[in-house]
Amino acid sequence: MKYAVVMERAERNFSAFVPDLPGCIATADSIQDLEVEIRKAITFHIDGLKEDGLPVPEPSCSLGALYKHYSSRNQIAASGVSGP
């Protein structure tokens, strides 16, 4: 499965969330580290749902376009990340 991931640059770090997995978030000091952390978060989130006997949502968000904006204050990126 591939889930849409929204990545944002904050003032001092980067953050990401998965719209199809409410509460699934990650933060890191770099985009590269953020990609690793959000993958871990997705796995942890899905494993937790399964352990609790809850359904794992199918990916429903789609990306119409990949958008990156670089400036000294803001960076936004969206990418698909595979879940387990």
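Values in this text are rule-based calculations from the coordinates and carry no lab data. If you're wondering where the values come from, they're calculated on a predicted model, not measured in any experiment. Reconstructed Cβ throughout: ideal geometry from the backbone, glycine too, with neighbour counts over all protein chains shown.
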Ordered by packing density, taken as the mean number of other Cβ atoms within 10 Å over each peptide's residues, highest first, how do 3-10, 55-62 rank?
3-10, 55-62
Less than 14 Å Cβ to Cβ from Gly23, Lys/Arg counted +1 and Asp/Glu -1: what total charge do the surrounding residues give?
-3
How large is the dipole of segment 1-44 about the Cα centre if only Lys and Arg carry +1 and Asp and Glu carry -1, each at its Cβ, rounded to the nearest 20 debye?
120 debye
